[in-house]
Each structure stands twice: as C-alpha cells, then as structure tokens.
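Trainee: Pasting a structure here, questions to come.
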Amino acid sequence: MPAIDFATGLKCKVCGKLYAKQPLNFCTDDFGPLEVVYDYEAIAAHISRAKIEMRPFNMWRYRELLPLDGEPTVGPQVGGTPLIKADRLADALGVERLWIKNDAVNFPTLSFKDRVVSVALSKAREFGFRTVGCASTGNLANSVAANAASSGLEAYIFVPHTLERAKILGTSIYGPKLILVEGTYDQVNRLCSQVALKYGWGMVNVNLRPFYAEGSKTVGFEIAEQLGWRTPSHVVSPMAGGSLIGKIHKAFHELEQVGLIAPGSSAKVKMYGAQATGCNPITDAVKTGRERHKPVKTPNTICKSLAIGDPADGYFAAKLIRDTGGWAEDVSDPEIVECMQLLARTEGIFAETAGGVTVAVTRKLIEQGRIPRDEEIVLVITGNGLKTQDAIADSVEQPVTIKPSMDAFESILAEPAPALA
Ligand SMILES: *Cc1c(COP(=O)(O)O)cnc(C)c1O
Ligand SMILES: [Zn+2]
C-alpha cells in the first residue's frame, strides 16, 4: 500500500463518535453526518509546497488530504481548472479584485461534480463495490455515469423526471441504468437511500457521502494555491445540498493545519452562500436567523441543479456562513438569466443556471454592502451552460439570416462601418 493513506477513520459531526472507514454516512447513535478524519501531523511532516507543485496540475496533487487507501483508479485527471482574474466582470459589478474559479470546464463532464465522483468511485472500488449510483439534480448523474463507464462499474442513477434534456442525454450516453422518478429531489434521494440499503450498492451521495464530500475540498486547495498559497477575503459559492461551501472553507483550514498557508488565514475568509429564490432553504435560514432550515416542499426555479428542498448539510452550511461573518442571498429566475449573460459577455464564460445564481447573488451582496468593493472576492462557477440552454434560449439576441451577398450584409448594418482605405 503506497504511503498516501492519512485518513484514520470517520467521525460523527454531532457527537464526535469515531468509526472505522466504511460505506456509512450517518452516526448509528444520533443519525449525525459522518466526516473523514486525518492525521494532520503526519501529513504536515510528509508534504510541502514544492512537492505538490511538482505533481501534475489536477486534484490528486493534494492526495494526502483525500481519503483513499491507494492510488486513485477513477478520474485520475479530474480538477486543475483555471482561476481567472475577472477584470471585466469586476468593472461591471463595481469591485476592485475579482476571481472566478471555473469548474464549468472540469474534466470529463463539465461540472465540479467530477471531483466528488472521482473520490467516491475510487473509494467504492477500494470497498469492492461492483454496482454504484446516485440521486442527482443532474450534474452528479452525468459524472457518475461517465466515470462509472470509464472504470467498468455498473451504475443506477435516480433523477427527478423534470430534469433538463441535456442532463438526461448527457447521462444516458454513457449507458447507465437511468431512472426518472416522478417526484422532487428529496423523494428521489429517499428512494435511492432505500435501494442502497436493500441491495448493498455504493451510492456516491448516500452511503459513500463522507468520501464523496471530501472531493469538494480540492476546489479550495486549488484556489489557495492558484492565488500563490494564500486565501481570498470573500468566497461566493452556490449551494444545493450545502456540502461544497463547507468543504471549500475546510480546505483552507486544512492547508493551514498542515503548514502550507500562513497560520490564521482561514479564519479571515468570509463565506457567502447562493441559491435560487424558488428553492432557498439555506439562504432563508441565514436571512431569518433560523438555526435549522425549513424544507422547501415544491422547488420552483430554472436552476434545477441547486433545487434541493431539504439539504443534507443545510444546518452546517448556514452555521458556517454565520460563523465566518459571511451572508447568504437568493435571486429570481430573471436575475439568473441576466447574470448568465453578464458572465458570458464580460468574461467569455458560458456557465449553467447555477453560475447565474452565483453572479447574481454576488451582485446583490455587493449592492447591499455585505461584500466590500475593495477586497478580494472569488466566485465559484460550478457547471457548464451548454447543459442548460433552455434557460437562456428566449433571452439571447436572435441571429440574422441573410443572402450570400455584400448588399445583403450591408443592409443589416445599423450604421455603415468605415471601409478599409
Ligand atoms: C451539486 C452542485 C452544486 C452544489 O453542491 P452541494 O455540495 O450539494 O451544495 C453547485 N453547483 C452545481 C452546478 C452543482 O451541480
Ligand atoms: Zn453521533
């Protein structure tokens, strides 16, 4: 066994009870969620910035902080996405320093879910699962299907029947068993949990969830390294189940614990959560000061990827946002569409509806004075716009069609352009 295994077990986030590493996502005493624990002292003694920088630029360069016993066998090329200095969007929003972490171009299925899936499925193979699956709002379905196909695993994938066509096709193409369930995501998830239990399959966001969730930390590791081994002041992240936002912050904290970034830097990062108003259980909890979110029974928004009415990590996400001094907001469907276009027109990035949510919420928080205009901000863009084309189809300017002649071309110029001399 290669010397990369620093994960010592699982721990209940509520009562602290320890468990051996196993496919289990809740404490048998109090049903609290389980989280992977690591030997940070051993990791600190083992890694350095130089060692990491010599490795290929993908998420596995931080493998000591990921919960595999051996080498990754699924998705060895995932991660390593660009962090872009977004000066044109910064101008449009009236802020000084803005960055975009662009996971819309993650390999292989164009969303940050490839990160969580490569960890979960590599772990599933270590546990000996031959059949895997998930409950999904779309991107997870795409990623589980693709990564299961490339590693020869059988996959059962459960999604709400109202999912976007591109996300259905972008799952079916890989040949999994895709099941459209006539219900909300929460109903889909309940069914998937029952299936996992009865058939003993490895469901990435059910019984493999503690391992799956760790993959999201690599977004935070990469942001810190790409900024030159330091943290930004403000991070805006979309929230569905509420896991990603917490793992980005945990990543900063871990880098500090193992000595890769300056002590005290993670405590200075304020985390901001973004949702659509049509499904806003976590942002509502933050804004109303409620400790526990009120589940949204019937989500109603074009942003289906974030439409989880009863988020598994909602409580922890709201707590983290409050504890870091950040805030949360939600935005309407028209604002989502407007900001998908704003991002595309200022930065040349075609993000999915969740990206529109993140940009629109950032704009709102800046206007509210919650995020100061002169401090460094990172937006986390998590999915690709080619998967949610219907959302903007009626809003973008329609192209003109002309006959193949100069006359026809010049007839459509509003003002004649000066010809070359
Ligand atoms: C799943 C997903 C998220 C949020 O993930 P959670 O960890 O469940 O909060 C954000 N953006 C996109 C595009 C997603 O598919
Ligand atoms: Zn417990």
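Trainee: For the stretch 12-44, give me each residue that is of a type in the set (Val, Ile, Thr) and either touching a Leu at 6+ places or on another chain (Cβ under 6 Å) or closer than 19 Å to Leu65 by Cα (or both).
Mentor: Answer for the stretch 12-44, where residues must be of a type in the set (Val, Ile, Thr) and either touching a Leu at 6+ places or on another chain (Cβ under 6 Å) or closer than 19 Å to Leu65 by Cα (or both): Val36, Val37, Ile43.
Trainee: Return the total of residues in the stretch 219-236 being touching a residue at least 40 places away in the same chain (Cβ under 8 Å) and either within 12 Å of ligand 1 (Cβ to nearest atom) or open to solvent by 10 Å² or more (accessible area, probe 1.4 Å) (or both).
Mentor: Counting residues in the stretch 219-236 that are touching a residue at least 40 places away in the same chain (Cβ under 8 Å) and either within 12 Å of ligand 1 (Cβ to nearest atom) or open to solvent by 10 Å² or more (accessible area, probe 1.4 Å) (or both) gives 7.
Trainee: Condition test on Thr109, is it within 15 Å of ligand 1 (Cβ to nearest atom), modelled with pLDDT of 95 or more, open to solvent by less than 10 Å² (accessible area, probe 1.4 Å) and in a loop (DSSP other than H, G, I, E, B)?
Mentor: yes
Trainee: Of all residues in the stretch 70-105, which are outside any strand (DSSP E or B) and of a type in the set (A, V, I, L, M)?
Mentor: The answer is Val74, Val78, Ala86, Leu89, Ala90, Ala92, Leu93, Val95, Ala104, Val105.
Trainee: Step by step: first the residues of the stretch 275-315, then only those that are assigned to a helix (DSSP H, G or I) and farther than 21 Å from Arg370 by Cβ, then the one that is least open to solvent (accessible area, probe 1.4 Å). Which residue is that?
Mentor: The extreme case among them is Ser305.
Trainee: Also, quick follow-up: Take the stretch 140-153 and flag every residue that is in contact with a Ser or Thr (Cβ under 8 Å, 6 or more places away or on another chain), in contact (Cβ under 8 Å) with a residue 60 or more places away in the chain and either open to solvent by less than 10 Å² (accessible area, probe 1.4 Å) or not assigned by TED's automatic domain parsing to the domain that holds Asn205 (or both).
Mentor: If the condition is that a residue be in contact with a Ser or Thr (Cβ under 8 Å, 6 or more places away or on another chain), in contact (Cβ under 8 Å) with a residue 60 or more places away in the chain and either open to solvent by less than 10 Å² (accessible area, probe 1.4 Å) or not assigned by TED's automatic domain parsing to the domain that holds Asn205 (or both), then Asn142, Val144, Asn147 are the ones that fit.
Trainee: Residues of the stretch 50-61 being outside any helix (DSSP H, G or I) and open to solvent by 80 Å² or more (accessible area, probe 1.4 Å), which ones?
Mentor: Once the filter is applied, which keeps residues that are outside any helix (DSSP H, G or I) and open to solvent by 80 Å² or more (accessible area, probe 1.4 Å), the stretch 50-61 yields Met54, Pro56, Phe57.
Trainee: For the stretch 176-218, give me the residue count where each residue is closer than 30 Å to Tyr38 by Cα and crowded, with 22+ Cβ neighbours inside 10 Å.
Mentor: Going through the stretch 176-218 one residue at a time, the tally reaches 21.
Trainee: If you take just the helices (runs of 4 or more DSSP H) that sit entirely in the stretch 353-421, which of them hold at least 2 residues that are more than 30 Å from Pro232 (Cα to Cα) and in contact (Cβ under 8 Å) with a residue 40 or more places away in the chain?
Mentor: So the answer is 390-393.
Trainee: Then there is this: Name the residues in the stretch 8-49 that are open to solvent by 60 Å² or more (accessible area, probe 1.4 Å) and in a helix (DSSP H, G or I), would you?
Mentor: Glu41, Ala45, Arg49
Trainee: Among residues belonging to the stretch 154-175 that are without any contact (Cβ under 8 Å) to a residue 40 or more places away in the chain and outside any strand (DSSP E or B), point out the one that is most open to solvent (accessible area, probe 1.4 Å).
Mentor: The qualifying residue most open to solvent (accessible area, probe 1.4 Å) is Ile173.
Trainee: Hey, another quick one. Please determine, by comparing only the residues of the stretch 145-172 that are within 12 Å of ligand 1 (Cβ to nearest atom) and either closer than 26 Å to Leu68 by Cα or charged (D, E, K, R) (or both), which one is modelled with the highest pLDDT.
Mentor: Lys167
Trainee: Mind checking whether some residue in the stretch 352-365 is of a type in the set (Asp, Glu) and buried (at least 24 other Cβ atoms within 10 Å of the Cβ)?
Mentor: yes
Trainee: Give me the pairs, please: first residue somewhere in the stretch 237-262 and farther than 21 Å from Arg363 by Cα and open to solvent by 10 Å² or more (accessible area, probe 1.4 Å), second residue anywhere and part of a helix (DSSP H, G or I) and within 16 Å of ligand 2 (Cβ to nearest atom), beta-carbon distance under 7 Å, and either six or more positions apart or on two chains.
Mentor: Gly246/Phe316
Trainee: Can Phe129 be described as modelled with pLDDT of 95 or more, in the same structural domain as Ala328 (by TED's automatic domain parsing), in contact with a Leu (Cβ under 8 Å, 6 or more places away or on another chain) and not in a strand (DSSP E or B)?
Mentor: no
The values are calculated or read from the model by the stated rules, or taken from the named source; none is laboratory data. These figures come from a predicted structure and were not determined experimentally. Cβ sites come from the backbone with ideal geometry, for glycine too, and all protein chains shown count toward neighbours. Ligands, DNA and RNA are stripped out before the accessible areas are found, and what is left, the full protein with its side chains, is counted by its heavy atoms. Shrake-Rupley method; radii C 1.70, N 1.55, O 1.52, S 1.80 Å.
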